[in-house]
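The values are calculated or read from the model by the stated rules, or taken from the named source; none is laboratory data. A quick note: this is a predicted structure, and the numbers were derived from the prediction, not measured. Cβ sites come from the backbone with ideal geometry, for glycine too, and all protein chains shown count toward neighbours. Just the protein is used for accessible areas: all its heavy atoms, side chains included, with ligands, DNA and RNA removed. Shrake-Rupley method; radii C 1.70, N 1.55, O 1.52, S 1.80 Å.
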Amino acid sequence: MKVEITDDVGVFADRIDGMLRRDPLRHTVIATAVANRRSGLDTASEPSVFLSAHDDATTVGFAIKVAGREIFLGELPAESLDAVVEALVRVAPQSGGVEGTADVAAAFARRWTRISGVPSRLAFVNHLYRSGPLRFPDVPGSARCATDADLALCAEWLWAMHDESGIGPGGGNTAALRRRIATGRWWLWERDGRPVGLAAHQAPAHGWSRIGPAYTPPGERGNGYASILTAHVARIIGTEGLGACLFAAADNPTSNKIYRAIGFELVCDFAHYAFG
């Protein structure tokens, strides 16, 4: 088993293209990260780690660690894990955690602890959903595309979402957020002329677009705004000939109930293990 590491996203994209196309939904996070980096939507001052595992001339697995984020795993056969973990311990020893499908992430975390000596623990689990036939609740208000004039509000809500979820800082890079809003993929639900909820979707990648971030301020919850705005964004994605998907925290019964009620279907679970 051969492991190759590069910081060149174009080289990495060429290596893994066939695997992404075979299962683009499972690999939505990595596919989106590649698309954002190649388009210039994401920039970083520190290099990223793009890893691929090869059996002779065939790419059989991959993983990434982009600047400011933890390790994210794509498909990785069991026989590649020792070599992959050894390589990542060497080039990214300060990594704070890893995320991937539940089985692969658990096996990776065990090996990380054995090879690095750093303990790991299950931090959280996310459900991955895909859109089915959509249902639209009757909710007062309407959707509109966010503009640069909404930058401060979007940043405030993004910070609040990250703070509530415990996933770390977010919304602080004003230039990056401005670029995202300018794509036309950030939406607000308004009632009586004031924004009451936010939902965005990511760059299309291999036939899918992932919804997120999504946020409703505490004082506006319970009115159906998240439900209708998520359904609206999913419909927009569908009109572009794409499938819509999203993640929901497994321990958040409210969000899971919302997404299932409007027509989203469970695909699989992703687990996040923290190191240290």
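Values for this structure:
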| read-out | value |
| --- | --- |
| Residues of region 178-208 satisfying the condition of being charged (D, E, K, R) and more than 17 Å from Asp42 (Cβ to Cβ) | Glu190, Arg191, Asp192, Arg194 |
| Subset of region 168-182 (residues that are at pLDDT below 90 and surrounded by 14 or more Cβ atoms within 10 Å (Cβ to Cβ)) | Gly170, Gly171, Asn173, Ala176 |
| Residues that are open to solvent by 40 Å² or more (accessible area, probe 1.4 Å) and at positive phi, drawn from region 183-206 | Asp192, Gly193, His206 |
| Residue among Phe108, Phe124 that is among the hydrophobic types (A, V, I, L, M, F, W, C) and open to solvent by less than 30 Å² (accessible area, probe 1.4 Å) | Phe108 |
| Test for Glu75: is it more than 20 Å from Tyr215 (Cβ to Cβ), part of a loop (DSSP other than H, G, I, E, B), under 18 Å from the mean Cα position of the chain (by Cα) and at pLDDT 95 or above | yes |
| Selected residue (criterion: surrounded by the most Cβ atoms within 10 Å (Cβ to Cβ)) from residues of region 86-105 that are assigned to a helix (DSSP H, G or I) and not small (Gly, Ala, Ser) | Leu88 |
| Per-region count, region 245-258, residues open to solvent by less than 30 Å² (accessible area, probe 1.4 Å) and either out of contact with any strand residue (DSSP E or B) (no Cβ under 9 Å at 6 or more places or on another chain) or among the hydroxyl-bearing types (Ser, Thr, Tyr) (or both) | 1 |
| Of residues in region 1-21 being open to solvent by less than 50 Å² (accessible area, probe 1.4 Å) and among the β-branched types (Val, Ile, Thr), the one farthest from Arg37 (Cα to Cα) | Val3 |
| Per-region count, region 1-50, residues assigned to a strand (DSSP E or B) and either basic (Lys, Arg) or under 20 Å from Ile211 (Cα atoms) (or both) | 1 |
| Thr32, sole failed condition from (1) polar (S, T, N, Q); (2) open to solvent by less than 20 Å² (accessible area, probe 1.4 Å); (3) in contact with a helix residue (DSSP H, G or I) (Cβ under 8 Å, 6 or more places away or on another chain) | (3) |
| Criterion (touching a residue at least 60 places away in the same chain (Cβ under 8 Å) and either surrounded by 14 or more Cβ atoms within 10 Å (Cβ to Cβ) or not in a loop (DSSP other than H, G, I, E, B) (or both)) met by exactly one of Ala83, Ala53, Ala63 | Ala83 |
| Test for Tyr273: is it within 18 Å of Trp187 (Cα to Cα) and crowded, with 16+ Cβ neighbours inside 10 Å | no |
